[in-house]
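Single-structure report; data block below.
The values are calculated or read from the model by the stated rules, or taken from the named source; none is laboratory data. Predicted model only: the values in this text are computed from it and were never measured. No Cβ is skipped: glycine too gets one built from the backbone with ideal geometry, and neighbour counts run over all protein chains shown. Calculation scope for accessible area: heavy atoms of the full protein, side chains included, ligands and nucleic acids excluded. Shrake-Rupley method; radii C 1.70, N 1.55, O 1.52, S 1.80 Å.
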Amino acid sequence: RGVPLLRMLETGISLAIAAVPEGLPAVATMTLALGMQRMARMRALVRRLPAVETLGSTTVICTDKTGTLTKNEMAAQMIALPPDRWINVGDDLKQKMIEEPDVALAVRIGALCNDARLETRDAGRVVIGDPTEGALLLAAEHAGLDVDRLHQEHPRLGEIPFDSRLMRMVTTHREPSGKAVSYVKGAPRAVLDRSDHMAGAGGIRPMDEAGRAAIRAANERMASQALRVLALAYRDLNEGEDPAQPPDGGLTFVGLVGMIDPLREEAKEAIAICRSAGIRTIMITGDQMATAKEISVQLGLHEDAEGRPQRTLHASDLDGLDEAGWSDAVRETSVFARVTPEHKLRIVEALQRQGQIVAMTGDGVNDSPALKKAEIGVAMGIMGTEVAKEAADMVITDDNFATIVKAVEQGRIIYANILKFIHFLFSCNFAEIVTVFVAIMVGWPLPLVPLQILWLNLVTDVFPALALAVEPAEPHTMRRPPRDPNEQLLSREFLSLVFWQGSVIAALTLLAYWIGLEWYGREEGNGLEHAQTLAFMTLALSQIFHSFNARSRTRSIFSRGTIWSNPWIWAAALVCFGLQTLVVTVPLLRKVLGTVVPTMQDFLLVTVCAVAPVAIVEVVKWFWRRAHRDAAEAV
């Protein structure tokens, strides 16, 4: 063809650069970083960058109940004393303590077998420590007890801290009379199994089956009202017993305390959003079965999206299960009660064997294996330990389930935006390659000089791509199923989209170039430079307009709430238009890039050819929407 070797070498290198979207890693990293920043403003701190994208493919969220689905603001509601006496923790509690010694004993046990404390601040009395224990202290103060003085008069001699396996806490105190007494609080079953006597209005009497049945019935009644129930008991130590080693059995059962932890107002709505997004929510709680069942009904977890009932399983149902048993257990269960951290790990593993992408919450040291095993480990920022936070991929600073759902939504938005700017970059780069390749094949002079190709990569590629990276959420973001993590990023459908849209841009660029050759000739100098300027301007402006096409594969750019929803893309377009204008008006830039000043006729031709891809894509989108009226909107 008579083209100098050096010119062809420069063109080949430029096309190689154009074929590889070198801005892609930078834009992708910036998109993930901006996503982390947005999540931080929503109280979700992402500790590992890849987790931002993984959130978008989450299929199951396993969440703790207390503090995550509830407000973690425990308040004692009622006290049940054997065999069938009920005391409301209200205005009459103080009088009941005076009249009934066993009521006073129950309140005293709750206050002494306790590691929390109360402080006075501007907002009133504030609980420092576990909210459940704080609720017992507040009830004691409400009944007229001076908690600090109570601890001074009953110094602690020994203790067994609460353990998730033992399900109870024991402290031993020196009474004012000089004797040592162990006070116990814990799960009703754990305390009742170790009690051989019970206190009542008539004094202490042996525990019999009728008494046990009455206590179990009272426990079920409280639990069915979504109350967290604690049992209270004590034992007098015999002479010679070591007070530093509290006893394990021989307890005298005193009563039950029912406490309410109000659900977060936004929790039920967040679970409904998950259901519409195709995400299962599994509640994992230390509460007993009856309490967990009632809370699941209040949250809408008792049935799936199709209305099929979901199971509630107790930890005892999980012990001894083999791999097949665990798979069956997690398939139709929405609530796990009385579970241990070890059970959490097994739940994650069973779900992952079924191909699920699991987000698991946790706050304790023992939760760290489950947090590490899950694709997204979520630690609680308020109640969580440092060990849990280190093991997690994300920390929720407000311990709120709704924040996790917002983070998942952001993950979906970020992945969708990554696809949008990849769509834009690949179709633009493909258009550049096709333009030069076809021109060479038909025997035309090169339509673009190497520096013009590099300019397109630096200017009209990068700025719109950055704007697409901050596209706001589309209305259907949380109304479609999770993305298949095994799905190819560059699928056949995606590549065909890039191919035909890039080909349209290339065809119109070649049309403008051909017209320029016909108008101004093919001779080296002003004629060829004029035609190349038309091709260069058409390709640049059509890519700018194409960035609006890339905002959605199916929705019109003129639809309500879309065209003005991203001001950054308008800013990017204005910057690119301004720079492109400078290229053909500033003498120094014209000399470097080999352009000429276009005439009004040239500007009209360039405008028509640059805007045409938008019109063509809009028509194709209209036909797609017409053919898929009943289908959900795509990305």
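Consider only pairs whose beta carbons are under 7 Å apart and that are at least six residues apart or on different chains; among these, list those whose first residue lies in the range 25-37 and is farther than 17 Å from Leu419 by Cβ and whose second residue is β-branched (Val, Ile, Thr) and in a helix (DSSP H, G or I).
Close Cβ pairs (under 7 Å, with a partner that is β-branched (Val, Ile, Thr) and in a helix (DSSP H, G or I)) amount to Met36/Val52.
Note down all Cβ pairs under 8 Å where the first residue falls in the range 595-615 and is in contact (Cβ under 8 Å) with a residue 60 or more places away in the chain and under 16 Å from Asn526 (Cα atoms), the second is open to solvent by 60 Å² or more (accessible area, probe 1.4 Å) and not basic (Lys, Arg), and they're at least six residues apart or on different chains.
Filtered contacts from the range 595-615: Thr595/Glu529; Val596/Asn526; Val596/Glu529.
Scan the range 41-68 residue by residue and report those that are at pLDDT 90 or above and either among the acidic types (Asp, Glu) or open to solvent by 20 Å² or more (accessible area, probe 1.4 Å) (or both).
Arg41, Met42, Arg43, Leu45, Thr59, Asp64
Criterion first (out of contact with any strand residue (DSSP E or B) (no Cβ under 9 Å at 6 or more places or on another chain) and in contact (Cβ under 8 Å) with a residue 12 or more places away in the chain) does Gly578 satisfy it? Don't jump to the end; show me each part of the working.
Details: out of contact with any strand residue (DSSP E or B) (no Cβ under 9 Å at 6 or more places or on another chain): yes; in contact (Cβ under 8 Å) with a residue 12 or more places away in the chain: no.
So Gly578 does not fit the description; no.
Taking Gln352 as the residue in question, decide whether it is assigned to a loop (DSSP other than H, G, I, E, B) and touching a strand residue (DSSP E or B) at 6+ places or on another chain (Cβ under 8 Å).
For Gln352, the condition - assigned to a loop (DSSP other than H, G, I, E, B) and touching a strand residue (DSSP E or B) at 6+ places or on another chain (Cβ under 8 Å) - is not met.
Those residues that are among the charged types (D, E, K, R) and modelled with pLDDT of 90 or more, I need them from the range 312-322; list them, please.
The answer is Asp317, Asp322.
Give all pairs with beta carbons closer than 7 Å in which a residue from the range 314-327 that is closer than 15 Å to Arg189 by Cβ meets a residue that is charged (D, E, K, R) and surrounded by 11 or more Cβ atoms within 10 Å (Cβ to Cβ); count only pairs at least 6 apart in sequence or on separate chains.
From residues that are closer than 15 Å to Arg189 by Cβ, the pairs are His314/Arg338; Ala315/Arg338.
Among Asp91, Asp102, Asp122, which is the only one that is among the acidic types (Asp, Glu) and at pLDDT 85 or above?
Details: Asp91 fails: at pLDDT 85 or above; Asp122 fails: at pLDDT 85 or above.
Of the residues listed, the single one that is among the acidic types (Asp, Glu) and at pLDDT 85 or above is Asp102.
Anything in the range 69-89 that is part of a loop (DSSP other than H, G, I, E, B), open to solvent by less than 20 Å² (accessible area, probe 1.4 Å) and closer than 29 Å to Glu265 by Cα? List them, or say none.
Going residue by residue through the range 69-89, those that are part of a loop (DSSP other than H, G, I, E, B) are 69, 71-74, 82-84, 89.
When the remaining residues are screened for being open to solvent by less than 20 Å² (accessible area, probe 1.4 Å), the result is 69, 74, 82.
Leu69, Met74, listed by residue number.
Out of the residues in the range 490-519 that are modelled with pLDDT of 90 or more and among the aromatic types (Phe, Trp, Tyr), which is least open to solvent (accessible area, probe 1.4 Å)?
Filtering the range 490-519 for residues that are modelled with pLDDT of 90 or more and among the aromatic types (Phe, Trp, Tyr), the one least open to solvent (accessible area, probe 1.4 Å) comes out as Tyr513.
So, in the range 366-425, of the ones that are in a loop (DSSP other than H, G, I, E, B) and farther than 20 Å from His343 by Cβ, which residue ends up most open to solvent (accessible area, probe 1.4 Å)?
For the range 366-425, the residue satisfying everything is Ile382.
Determine the pairs where a residue that is within 12 Å of Phe401 (Cα to Cα), located within the range 252-274, has a partner that is assigned to a strand (DSSP E or B) and open to solvent by less than 40 Å² (accessible area, probe 1.4 Å) with Cβ atoms under 6 Å apart, the partner being 6 or more residues away or on another chain.
Leu263/Thr70; Ile271/Thr281; Cys274/Thr281
Take the residues in the range 160-207 that are under 49 Å from the mean Cα position of the chain (by Cα) and acidic (Asp, Glu); name whichever of them is farthest from Asp287 (Cα to Cα).
My answer is Asp196.
Under the condition of being open to solvent by 70 Å² or more (accessible area, probe 1.4 Å) and in a loop (DSSP other than H, G, I, E, B), which residue from the range 303-314 is farthest from Cys274 (Cα to Cα)?
If we filter the range 303-314 for residues that are open to solvent by 70 Å² or more (accessible area, probe 1.4 Å), which is where we start, we get 303, 306, 308-309, 311.
Then keep just the ones that are in a loop (DSSP other than H, G, I, E, B); that gives 306, 308.
Numbers: Glu306: 14, Arg308: 16 Å.
Top of the filtered list is Arg308.
I need the full set of residues from the range 235-276 which are assigned to a loop (DSSP other than H, G, I, E, B) and either modelled with pLDDT of 95 or more or within 30 Å of Asp64 (Cα to Cα) (or both), in order please.
Within the range 235-276, Asp248, Asp261, Pro262, Arg264, Glu265, Glu266 meet the criteria.
(1) without any contact (Cβ under 8 Å) to a residue 24 or more places away in the chain; (2) farther than 30 Å from Ala416 by Cα; (3) in a helix (DSSP H, G or I): which one isn't true of Thr11, the others all being true?
(1)
Report the residue count in the range 555-574 for those that are open to solvent by 60 Å² or more (accessible area, probe 1.4 Å), assigned to a helix (DSSP H, G or I) and either under 17 Å from Val614 (Cβ atoms) or at pLDDT 95 or above (or both).
At the first step, the residues of the range 555-574 found to be open to solvent by 60 Å² or more (accessible area, probe 1.4 Å) are 558, 560-561, 564, 567-568, 570, 574.
Those left that are additionally assigned to a helix (DSSP H, G or I): 567-568, 570, 574.
Still in the list and also either under 17 Å from Val614 (Cβ atoms) or at pLDDT 95 or above (or both): 570, 574.
Counting residues in the range 555-574 that are open to solvent by 60 Å² or more (accessible area, probe 1.4 Å), assigned to a helix (DSSP H, G or I) and either under 17 Å from Val614 (Cβ atoms) or at pLDDT 95 or above (or both) gives 2.
Testing Lys591 on (1) open to solvent by 20 Å² or more (accessible area, probe 1.4 Å); (2) within 40 Å of the chain's Cα centre (by Cα), one condition comes back false. Which one is that?
Only one criterion in (1) open to solvent by 20 Å² or more (accessible area, probe 1.4 Å); (2) within 40 Å of the chain's Cα centre (by Cα) is unmet by Lys591, namely (2).
So Ser164 ticks every box in (1) touching a residue at least 60 places away in the same chain (Cβ under 8 Å); (2) open to solvent by 20 Å² or more (accessible area, probe 1.4 Å); (3) within 20 Å of Glu241 (Cα to Cα) but one. Which box is left unticked?
Unmet for Ser164, out of (1) touching a residue at least 60 places away in the same chain (Cβ under 8 Å); (2) open to solvent by 20 Å² or more (accessible area, probe 1.4 Å); (3) within 20 Å of Glu241 (Cα to Cα): (3).
Which one is nearest to Thr554 (Cα to Cα) among residues in the range 602-620 that are within 38 Å of the chain's Cα centre (by Cα) and open to solvent by less than 10 Å² (accessible area, probe 1.4 Å)?
Ranking the candidates gives Val617 first.
Mind checking which pairs have a first residue in the range 80-97 that is within 19 Å of Ala199 (Cβ to Cβ) and a second that is among the aliphatic types (A, V, I, L, M) and open to solvent by 50 Å² or more (accessible area, probe 1.4 Å), Cβ under 8 Å, 6 or more apart or different chains?
That search, which allows pairs on different chains as well, returns Leu81/Ala201; Pro83/Ala210; Arg85/Ala201.
Please specify each residue of the range 334-365 satisfying the condition of being surrounded by fewer than 22 Cβ atoms within 10 Å (Cβ to Cβ), under 16 Å from Asp287 (Cα atoms) and polar (S, T, N, Q).
Thr340
Step by step: first the residues of the range 120-140, then only those that are open to solvent by less than 60 Å² (accessible area, probe 1.4 Å) and free of Cβ contacts under 8 Å to residues at least 60 places away in the same chain, then the one that is nearest to Gly186 (Cα to Cα). Which residue is that? It would help to see each step written out before you state the result.
Applying the first criterion (open to solvent by less than 60 Å² (accessible area, probe 1.4 Å)) to the range 120-140 yields 124, 126-129, 131-137, 139-140.
Add one more test, that the residue is free of Cβ contacts under 8 Å to residues at least 60 places away in the same chain, and what stays is 124, 126-129, 133, 137, 140.
Numbers: Gly124: 28, Val126: 23, Val127: 20, Ile128: 20, Gly129: 17, Glu133: 11, Leu137: 16, Ala140: 18 Å.
It comes out as Glu133.
Going residue by residue through the range 5-28, is there one that turns out to be polar (S, T, N, Q) and open to solvent by 30 Å² or more (accessible area, probe 1.4 Å)?
no
Does any residue of the range 141-161 turn out to be open to solvent by less than 40 Å² (accessible area, probe 1.4 Å), in contact with a Gly (Cβ under 9 Å, 6 or more places away or on another chain) and either farther than 25 Å from Arg338 by Cβ or of a type in the set (Gly, Ala, Ser) (or both)? Give the derivation first.
First, the residues of the range 141-161 that are open to solvent by less than 40 Å² (accessible area, probe 1.4 Å): 143, 147, 150, 154, 158.
The next check asks that each one be in contact with a Gly (Cβ under 9 Å, 6 or more places away or on another chain); those that pass are none.
No: the range 141-161 contains no residue that is open to solvent by less than 40 Å² (accessible area, probe 1.4 Å), in contact with a Gly (Cβ under 9 Å, 6 or more places away or on another chain) and either farther than 25 Å from Arg338 by Cβ or of a type in the set (Gly, Ala, Ser) (or both).
Counting only residues that are modelled with pLDDT of 85 or more and in a loop (DSSP other than H, G, I, E, B), which one in the range 434-444 is surrounded by the most Cβ atoms within 10 Å (Cβ to Cβ)?
Among those residues, the one meeting the criterion is Trp444.
Given the criteria in a strand (DSSP E or B), open to solvent by less than 60 Å² (accessible area, probe 1.4 Å) and at negative phi, does Ser327 qualify? Steps first, answer last, please.
Values: in a strand (DSSP E or B): no; open to solvent by less than 60 Å² (accessible area, probe 1.4 Å): yes; at negative phi: yes.
Here the answer is no, as Ser327 does not meet what is asked.
Testing Val127 on (1) closer than 25 Å to Val365 by Cα; (2) out of contact with any Leu (no Cβ under 9 Å at 6 or more places or on another chain), one condition comes back false. Which one is that?
(2)
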